[in-house]
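All remarks here apply to the structure that follows.
The values are calculated or read from the model by the stated rules, or taken from the named source; none is laboratory data. None of these values were measured; they are calculated from a predicted model. Cβ sites come from the backbone with ideal geometry, for glycine too, and all protein chains shown count toward neighbours.
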């Protein structure tokens, strides 16, 4: 990997910024160059929210990315807005719990992740972002899963019950991506 850019997008309150920060912290833990660039709509909770994370082995020239290699969308408005921006050959991860369509593009890889369903099944709807993050890391390997586990424990381990849910959701998202994309388990 020389450089990987990803945009995470949804509405305020879905944990978009937290997922982006966790990914950025994981890149930093692996001594990579990292940029995390948040963007909020006019309303925080319920309005549009997205962030871009750039992780690189070399110095990052600009945090502004128009056609990222990966995009994770959490809701339908984000699907409509960001889907066309995925770089050719890129990865489009879709929260299939809330989005019932797929892109008609044939030049990208699409991964459907029922992130809300996974989070609810594990006991906390607020962990939807962690399911998507696990799927992203499983699909790309841009950071190591062990590094991500350690960062999640460090940053979100204040309450054992919440940490247990987040770790379970992370593992399910990660394994789902490995299975759907036909990759061998990297653990």
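Only residues that are closer than 18 Å to residue 29 by Cα and either touching a residue at least 60 places away in the same chain (Cβ under 8 Å) or in a helix (DSSP H, G or I) (or both) were counted in region 146-161, giving 11. When we screen 77, 114, 88, 68 for residues that are without any contact (Cβ under 8 Å) to a residue 24 or more places away in the chain and over 17 Å from residue 175 (Cβ atoms), the only hit is 88. Number of residues in region 61-77 that are modelled with pLDDT under 95 and buried (at least 16 other Cβ atoms within 10 Å of the Cβ): the value is 1.
Condition check ((1) more than 17 Å from residue 131 (Cα to Cα); (2) within 17 Å of the chain's Cα centre (by Cα); (3) not in a loop (DSSP other than H, G, I, E, B)) across all residues:
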{"position": "7", "(1), (2), (3)": "no, yes, yes"}
{"position": "19", "(1), (2), (3)": "no, yes, yes"}
{"position": "24", "(1), (2), (3)": "no, yes, yes"}
{"position": "28", "(1), (2), (3)": "yes, yes, yes"}
{"position": "31", "(1), (2), (3)": "yes, no, no"}
{"position": "37", "(1), (2), (3)": "yes, yes, yes"}
{"position": "50", "(1), (2), (3)": "no, yes, yes"}
{"position": "55", "(1), (2), (3)": "yes, yes, yes"}
{"position": "61", "(1), (2), (3)": "yes, no, no"}
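Among the residues here, residue 170 does not qualify as within 20 Å of residue 5 (Cα to Cα) and either touching a residue at least 12 places away in the same chain (Cβ under 8 Å) or outside any helix (DSSP H, G or I) (or both). Remark: pairs (first residue in region 126-145, closer than 16 Å to residue 91 by Cα; second residue at pLDDT below 95; Cβ separation under 6 Å; 6+ apart in sequence or on different chains) = 139/181.
Within region 98-111, residues that are over 17 Å from residue 75 (Cα atoms) have Cβ atoms under 6 Å from residues that are modelled with pLDDT of 95 or more and in a loop (DSSP other than H, G, I, E, B) in these pairs: 107/88; 108/86; 108/90, counting only partners at least 6 apart in sequence or on another chain. Listed here are the helices (runs of 4 or more DSSP H) enclosed by region 74-145 that have at least 3 residues being touching a strand residue (DSSP E or B) at 6+ places or on another chain (Cβ under 7 Å) and under 20 Å from residue 22 (Cβ atoms): 128-140.
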